[in-house]
Each structure stands twice: as structure tokens, then as C-alpha cells.
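Here, each number is a calculation from the coordinates, and none is a lab measurement. Keep in mind that this is a model prediction, so the values were computed, not measured. Here Cβ is always computed from backbone atoms with ideal geometry, including for glycine, and neighbour counts include all displayed protein chains.
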Amino acid sequence: MEKKYTPVIGLEVHVELKTKSKMFCQCDANYFGAKPNTHVCPVCMGMPGALPVPNKTAIEWMQRVGKALNCTITANSKFDRKHYSYPDLPKGYQISQYDEPFAVKGKVTVKNPYVKGEAKSFRITRVHMEEDTAKLSHEGSNTLVDFNRSSVPLVEIVTEPDFSSAEDVKMFLEELQVIIRYLGVSDADMEKGSMRLEPNISVMKTGLGTLPPYKVEVKNINSFRFVKEAIEYEVKRQIVLLEKGETPKQETRGYDDVKRITYSQRSKEDAQDYRYFPDPDIPPFAFDEKYRRDIENSLPELPPAKMERFEKELKVKEVDAFILTRDLGTADYFEKACKALKAEKIEPQSVANIIINKRLLTSLKLEDFVSKAKGLLAAKKTDTALLEKNIAEVIKQNPQVVADVKGGKQSAIMFLVGQVMKMMKGQADAKTVIQTLKEKL
Amino acid sequence: MSTKNMLSKDEVLHLSKLANLTLSDAEIKKYGSQLAETIDYVKNLDELKTEKVAPTNSVVDLSNVSFEDGTENTRGLSQQEALSNGKTIVDNSFSLGRIM
Amino acid sequence: MILGKTILELKELLNTKKISREEVFSFFEKRIKKYNPALNAYLTVQDRMGNAAQEGPLSGVPLAIKDNFCTKGVRTTASSNVLNDFIPPYESTVTSKLKRAGYELLGKTNMDAWAHGSSTETSDFGPTKNPWDTARSPGGSSGGTAAAVSAYLAPGGIGSETAGSIRQPAAWSGIVGLKPTYGRVSRYGVIAMGSSFDCPGPMTLSVSDAAYLLGIIAGNDRFDGTSSPSPVGEYMKDMKEKRTFTIGIPADYFEGLEPGTEKRLREAIAVFKKSGHKVKSISLLSPKYSISDYTILQRAEVSSNLARFDGIRYGNPRTQFGSEAKRRIMLGTYTLSYGYYDAFYKKAQKVRTLIINDFKRAFKEVDAIVAPTTPVTALKLGEFEKYPFFGEMMDVMNEPGAMAGIPAINLPVGLDSNNLPVGMQIMGNYFDEGSILNLAYQFEQETELMGVIKRGVSNLK
């Protein structure tokens, strides 16, 4: 069944920026934990007569996100009004972007050593700027509205339908999260709601070139934990319908993380007609070449480039380079530690081992890290007298294995190494152990 | 081609739903015909050639109007001010009947 | 001593201590109490002074403010039941500037609900009556301010115009009304009607007062992204240097005028010629296209701007919208909806470009354009609801300029055979309020314009 059908998945990802103020007013954008309706003004409450003025920094940050996803930053852009009625939308429209977003046509290539196969590329359709809605909470017989979150800057990233599995989506999202955190523009935390995923899912017969005539948008996936599960559930649900000869309905479905199912929220019949038009309150934007170049130049070295450099220049193993570059702080610390330990003739790969396997904290002061690292590596120096004594003992106790090794079964030697290491209580270098063992045999 | 009387009840209902307005049957009829009348009237713009004309979004010759990021309290409302015009306030929030 | 005094005259009396601030305020308070019940010019009246934020050039001068300007702590309704109990927690930029200049608020004036109309008859709180003839409309939408100033229930006031809402009621009520260039005066805190058109402006008893108030309320506002950073002129000073202008007269604007209106306009043009100005006829795009164009763009913006009124944070539910608002919301929703956008909204935006280019071309030839403000003088109340296009018809002379966003001023130029004031407008180039005020001031000096206004004031004794 799995092979008969191929999922076709495109994503809409929303990322809340952590600017100081909101998108269209100077209210404090950090609403987390604030008392309800205390980070508000006439603008973000949609009071009669209030007018929006865009936050320049938010636009710059959004353009950096666009550039980091290899998009083209557009020379001309504008804000549009997107209309729909819901109590969390104070103006009856959301200020968003329609046909002239700030960034278009990008691509993200993910090389994740934990995922089998080649590096994968996913096309980015567009990245645009908009504002967040107010927060609704449902308690007892009331739905309560708090406008602290209203108009916090929100970046929307739209991909092409380039994903064919939930794993791919998860891998992409993780990469996206890492990139955004590198830029320092958002926490991109799904659990806290600063990163939100809305996949558009459909399923086609494998090998069929055309896209399915419907798609289902899934909302309310509020945690990384549920990304795979929600998508897999929805794909299976659609396959069951297709098997019955039905075409799944085009609709919006919600994910229920208690029941672990998707459920219908809005059908095609109530499809929204957002009546976009250019917001007359906000003059258009134009960006010259220099500005756009500066945006590009402001980007830090991004994870794929850094990973490649760690591999090529520092000769770190791929998987370790991947792990070390998942977080900019860790990567920077690693490089500093390498520099400091170079004098001690300690290779970057050893530093990587200390961070990844020995879990020496990268929050330590660098000098403390250096001295502890030296200690850890020194402890590895093997007590040769003890080693020879233990090897003799192991050979004596395991005549059959010794015979196997001598008979040509090379892999059996690892059993002996394990036994020796056990007797050495780990205080021995594995390479030395193997070499000495071979000599003795 | 005349659009007169071409707005069906369903079309008017669809528009009223988008516009978040609840209309009576009499209103649906009235606006249906007035809409058609107006749509007919404004068709005279078709007499003007505009193929090569750029649309005007704004009559002011301004661009890139924005503010530098930073919080400011000039316009901030106190919680009391923010809630002062709400009809139903529960737990310092605007309350609706339960909608979900 | 106070009756009929202009703002500048009142200032002089206050400065020389011939009268006190309290005397002035109480004069208007009493006059409002006496005449407002018949006129319905004010919806909310202030019964005490203390509105000023600080001492300033307007200290002691009270003004009438249209009820679509948010005034902190003072009910603001836009003449709609939707907002009948709305007390704004913030102040509009225009009234903030007036407060800093020391003004006293007399009250909030009636208007067409949401500024949708040209008669004040769409107000949910009853129409305002024209002080010249209380069976007639004062015009609209800023009809309350117009009537208040005309009847001297205020020495001046503030209105707002989307397309004609300052000029047309000023014409019908026989006062001066100045619609500035779009972006010259901040829209922040003015309940939006057509966001790409809306302009606050002064409504006064003299050209000087209009220039004076404009100087106070104009200027760039960081809270309004569409307000212009171009420098504010020294209108009062520049106005008094007599300049000679080339004045354009667009033939299309003189078609279908009432004879009384046409006669007064021809007389006024003769005055310009006599004063040495060059008068030439020009051709502009027919105003009939502006009606269609304006209708499409304005309704679209209205449908969007009124979407916020859901009764949650303030005001009452959407069921409280009157029929004119609903009609406009429905049309705007239609023209913006999927499949119609290009045929209507986008087409209208392109025609708007043609209208703008048309004026730009004209202002290469002339310094100012003179035309009637309205084709007819004040109509009787009750003649309006019949015509879905009534407002547009009455504003046909005002819409092209509003579409383009250029400034214009209405001046009373005499009375027709019904003893009703006739209005003339002078339109100017972008941000050239200085020129139209200069020309208007010359006209005021050379004619009986003030005489008409004074007669208006004395209509109610």
C-alpha cells in the first residue's frame, strides 16, 4: 500500500520574530507571561482611526530569513489587507502580503547524516511578512480574547509541494529551526508557538505525474512531537479513502493531539475569499541593489557551509560536524576550544568527541573547558604494564576465541578487546589495546 | 452586456457572509437589485483605455515608511483603558460566548 | 461683542483682555443650548472648559469637532449606533495638536454615519438642519460642523473630507471649508472612511481662519505613514503677499448648473479677471468618470475599514449598521471578491492614475482651477434616500480633486434666488495650499464674501 501511493506535501510555516516591538506599533512584542491586554495600544487593538506603521527591523529580519533560504529579495514590495472575520483578528483583516512578497523563489538543501540517502532539496515558493493574531482561550462557557499577541511580527514561509514523507517534513523543519536560530531572529519554538506548521497534504498514485485534484490543510500541530504523527495519520486517512475509490475532500482539518487524529474544520464550500487589496495606510517599499546586498552580507555562516568546513578543514566526522553545527553557540564554542587546544596538539576530532561523547559542557568558561579536556585526554594514557598483564589473563581465559582469531576469524578479536577494556575499567585507549592484543597473539 | 438583476439570492448571501453582515430577506432583495444597478452604472469606466496605465495605490509619493524597532509607551494603553469599552469582560479579557 | 467674530478676532479680544476665556466659552455654551435642539449640529456638548493640554496660541478659543475624530474620554460615534457608547481611550493627532495649541472643545458634531453621505441624513441621531433654512440640509458629511459654524454655535471647527465632505457642506452652509492635500494633515485617530482619500481640514468663517487652523493641524505624523514630510507653509504670511495667478476654468464643471449658481460663479470669475489674474478655459477629464471610479475605490475601502466593528472591544454588534453602511460594505465586498478584483478595483486604480495625470497636466498650464463646489444649492431634507448615488451626484465637482488628492477650498460667492449660499471652489496643485489660500484671501478682500457669512451667522438671532 505504501508503495502504491506517494504523499504530496507542501508547507506553510509561520515564525514569530523576537523584535522588541510589534509589527505595526511600538508595543512590547514579548507577550510571554504578561497579564492579558497589557501590551496593547489603539493600533494593535484595531481601535477606530488607528493606523499601522511598519517595523523596519522586522522587515530586515524577514528578508534575512528569505536570503538564508536562498530566496531572491524583491526590489519592490507592498503590504496588502487579507480579510476574514474571526474574534482574534481585531481589524477584520490581517496586514499581510499578496502578490509582491519581500522574498521569493528559494531552496533549502538538507544534508542530515541521520537520514539515509542523498542530501535533499526543497523549493521555497515565497517568504512574506504579516502580523500575528490575538490569543483566544476557551474556558468554561467563555472564549476570552487577549490582544497582547496581536500584531507581533510573523514571517510566513511557503514551500512547493516537494515533500513525500513525514520524515522529510520533520527533517526540513528541524533544519529551518536551526537556520532561524542562527539568524537570531526568533526562538522558533513550536511548543511555545513561535514556530507553527500547516502542511497541505494530498496523496497520488505513485508514478502519476500530475498533482492530485485536492489538498487538505492541517492546522493545530502544536509540537515537534506531533509533526510526523499528524502527517502520517492524514496520509493514511486519505489512502483509505482512495482505496475505496473516493477522492478526499478539499478542506481544512485540525489535529487533535489527545485523540491523535485529524478532524474536519472547514470545507471547500466555505472556502475563504480574502479580498486582498493593497493596504492604503502603508506606502509601498522599494529596495535598491546595495540594500539587498547588505542583507545578504549580514548573514552569518549558515549550518550547511559550517558543517562542510568542519568536515573539510577541521577533519571532523560528518555526523559530528552535523551535531556541532545544530546550534550556533555550540559551533562557535567548538571552534574556540579547537584553537585553544591546538597548542596541546589535540585534534579537532578529539575536541568534538569530548563535547559529543564525553558531554563536557560548552557552557563552561573556555579555560575550564581546556583544562578539563586535557584531563580527560590524559586519563586515556594507558598503563602499559597493567595492560599487558590483563591481556595475558584474557588470552588464558578464552582459548577458544583465541583459536578462532588465529584461525582467521578477525571479528572475534573485538570480544577480546571488550574483555580487556572491562578489566582496564575503560582506562585504556582502544587503538592501543587492539594493537597490543594483536602483537600478543 | 447588462448585469441588471444578475445577482442571485445566493450571491448576495455569500457576499453578506464574507462581509460578516446578517441581512433580512427584504435587505437581500434590496441590496441585490441596488448592487446590480450600481455595478451597471460604474461600467462606464470601460470607455476609458487603461491597458498601459499603472494602477495608483496611493496618491502620496512616499515609500519605505517605517519605524526603527524599539518599544515606546507613548500610545500604550493601561489594562483598564484597553478594556474600558468592552461589553463583557472576564479575567481581564474580552469575553465572547464559547465559540469552540 | 462676541457674535460673529472670527477665530483671529476672538484671539485679539482675548489677547487684549477685552473678554475673558470663560466669557467666550459660556457665550457658545448658551448659544448651543438655545439653538442646537432645532439644528442638531452637535451630538455631544461639553459643559465645561479644561480640554486644553497647555497654554498656546488657541488658548480660550473653542472649536467644534466632527464626531469621527477620536477624543480621549469624550464620546465619539461617527454618528452610528454601532459606536453610540464609544469613549475613545486615545486622542487623534489633529485634536492632540489643537489641545497642545490650547483649544477648548465645544462638542462633537453630527455627520452622515461613518461619513457616508452628503446631507447628514444617514446619521443614526437625526439629520442636522441648515441654519439658512431649517427645512434644508446643511450638506455633508461634515454637516454638523458646517451648521455649527454657520449658525455661530462655534467660531470655527474641524471637518473631514473623503470626496466633498468639507467643501460641499461649507458651500451649502455658506462658510469657508478647506480640504488640504491628501497627506498634509494626519489621519491618525480619524475613524477611517476611504483611507486613500480621507483628509481632515478646517471649516471657518474666514480664509484667514482656515489658513491659521491649517498651520496648526498640518504636518508629518510618525503615526500616519501616509502623512507627508514636505514642510508646512507659512500660510498666514504668504497669503497676504498679493500674487497674480493663471486660473483655469474647466468647461465640464459648468454643465448642468442651476442658473443661480452659474450666475454667481460667472460674477466671481469676473472678479478674478478684474483683479488682474489671467483666466483661461481648460479641459479636464469628465467628472462623470470620477463618480464611477470613486464609487468603486471608496466602497472597497469602506468594506475593509468597517470590518473591525464587531462589538467585541468597543461598540455594538454589526446588526447596528444603518442601511447606507451595509449597502456600501456589500458593494465593496463584491468588487474586491475573487474574480471581480481586476474588472473593478484594479481598473478603478488605473482610471485613478488617469485622473491624477489629468490634473498634473492641467497644473503645468495653470496655478489654480476654479469651479462650482456643487451644481445646486442646499436641497430639502428627505430628498436623498431615493438615490443610491445621491452623494456622488452632489459631489461630482469634488470627486475628481479628491481622487487626485489635491487641495481645494470652498468660498461662499453670494446667494441664489432662494437666498441660499452658492459655493465656489479653488483647486490647487499638490501641497500648494499656499496658492489657493493666497487667491482665496484676495477674493475675500475684494468681495462681499464676509457679508454672506455674516448673514449666515445672523440667521439665528
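A few remarks follow.
- Considering helices alone, the calculated mean residue ellipticity of chain B at 222 nm is -10000 deg cm²/dmol, with DSSP H runs of length four and up weighted by -39500 (n - 2.57) and normalised per residue.
- Local electrostatic count at C:Lys273 - Lys and Arg +1, Asp and Glu -1, tallied over other residues with Cβ under 12 Å: +2
- Among the listed pairs A:Lys82/B:Lys43; A:Lys244/B:Lys17; A:Lys82/A:Lys170; C:Lys273/C:Lys454; A:Lys249/B:Lys17; C:Lys179/C:Lys364, those with a Cα-Cα distance over 32 Å are A:Lys244/B:Lys17.
- Using the Cα coordinates of region A:384-440, the gyration tensor eigenvalues translate into equivalent-ellipsoid semi-axes of 18, 11, 10 Å, sorted from longest to shortest.
- Remark: mean inter-chain Cβ contacts per residue of C:80-92 equal 4, using a 10 Å Cβ-Cβ cutoff to other protein chain atoms.
- Qualifying trypsin sites (Lys or Arg not before Pro) for region A:107-196 [loop in DSSP, other Cβ within 10 Å: at most 10]: A:Lys116
- Sequence-ordered 3J(HN,Hα) estimates for region A:37-47 from the Karplus curve with 6.51, -1.76 and 1.60 and θ = phi - 60° stand at 6, 10, 9, 9, 8, x, 5, 6, 8, x, 5 Hz, glycine and proline given as x.
- Simple spin-label estimate for C:Ile2 and A:Lys116 in nanometres, 7 Å along Cα-Cβ: 9.2
- Counting only aspartates and glutamates at least 8 places from A:Lys365 when in the same chain, those with an alpha carbon closer than 16 Å to its own are A:Asp332, A:Glu335.
- For C:Gly414, distant residues with modelled amide H under 5 Å away: C:Val422
- Treating r as the C-beta distance of A:Lys312 and A:Asn398 and R0 as 51 Å, the FRET efficiency rounds to 0.75.
- Given R0 = 22 Å, the distance between the Cβ atoms of C:Lys454 and C:Ala38 translates into a calculated FRET efficiency of 0.60.
- Test item: Cα-centred dipole of region C:1-88, Lys/Arg +1 and Asp/Glu -1 on Cβ, debye: 180
- For C:Lys280, the aspartates and glutamates whose Cα comes closer than 12 Å to its Cα, not counting residues fewer than 8 places off in the same chain, are C:Glu365, C:Asp367.
- When the charge dipole of the protein assembly as shown is built from unit charges on Cβ atoms (+1 for Lys and Arg, -1 for Asp and Glu) and taken about the Cα centre, the candidate among A:Ser371, A:Leu51, B:Gln34 whose Cα reaches farthest toward its positive end is A:Ser371.
- Look at the stretch B:34-43: the mean tally of other chain Cβ atoms within 10 Å of its residues' Cβ atoms is 6.
- Interchain or long-range residues, amide H under 5 Å from A:Glu131's placed H: A:Ile95, A:Leu154
- Look at where the Cα atoms of region C:274-306 and of region A:332-348 average out, and the two centres are 73 Å apart.
- A DSSP coil position with no more than 15 other Cβ atoms inside 10 Å describes the following chymotrypsin sites (Phe, Trp or Tyr not before Pro) in region A:1-81: A:Phe32.
- Under 5 Å from the amide H of A:Glu100 lie the amide H atoms of A:Lys78, each residue being 5 or more positions distant or on a separate chain, with H modelled from the backbone and absent for Pro and chain starts.
- Sparsely packed trypsin sites (Lys or Arg not before Pro) within region C:48-140, loop by DSSP, other Cβ within 10 Å at most 14: C:Arg48
- Other residues lying with their Cβ under 11 Å from the Cβ of A:Ile391 contribute a combined charge of +1, Lys and Arg counting +1, Asp and Glu -1.
- Translational diffusion coefficient (Stokes-Einstein; Kirkwood radius from C-alpha pairs) of region A:5-294 at 37 °C, 0.692 mPa s, in µm²/s: 164
- Selection from C:Ile426, C:Gly405, C:Gly233, by position along the positive dipole direction of chain C (Cβ): C:Gly233
- Farthest towards the positive end of the charge dipole of the protein assembly as shown, among the residues C:Pro89, C:Ile355, C:Ile249, is the Cα of C:Pro89, using unit charges on the Cβ of Lys, Arg, Asp and Glu.
- If both residues of a DSSP beta bridge must be in chain A, then about 95% of such bridges are antiparallel.
- Cα-centre dipole for chain C with unit charges at Cβ (Lys and Arg positive, Asp and Glu negative), debye to 20: 340
- Only aspartates and glutamates eight or more places from B:Lys87 in sequence, or on another chain, were considered; those with a Cα closer than 17 Å are A:Asp88, A:Asp146, C:Asp85, C:Asp310.
- Rounded to the nearest 5, the antiparallel percentage of DSSP beta bridges internal to region A:157-282 is 70%.
- Of all DSSP beta bridges confined to the protein assembly as shown, the antiparallel ones make up roughly 85%.
- Residue-count net charge about B:Leu18 - beta-carbon cut-off 9 Å; Lys, Arg +1, Asp, Glu -1: +1
- Take each residue of peptide A:136-145, count the partner chain Cβ atoms within 10 Å of its Cβ, and average: the result is 6.
- Pairwise alpha-carbon distances in chain C exceed 27 Å for 48% of all pairs.
- Unit charges on C-beta of K, R, D, E only; dipole of the protein assembly as shown, Debye: 1800
- Extended-chain gain in nm, criterion 0.36 nm per residue less alpha-carbon gap, A:Ala75 and A:Ala343: 91.6 nm
- Cα point-scatterer Debye curve for the protein assembly as shown, base-10 log of I(q)/I(0) at q = 0.04, 0.09 Å⁻¹: -0.27, -1.00
- Whole-angstrom gap from region C:222-270 to region C:1-80, using each part's C-alpha centre: 28
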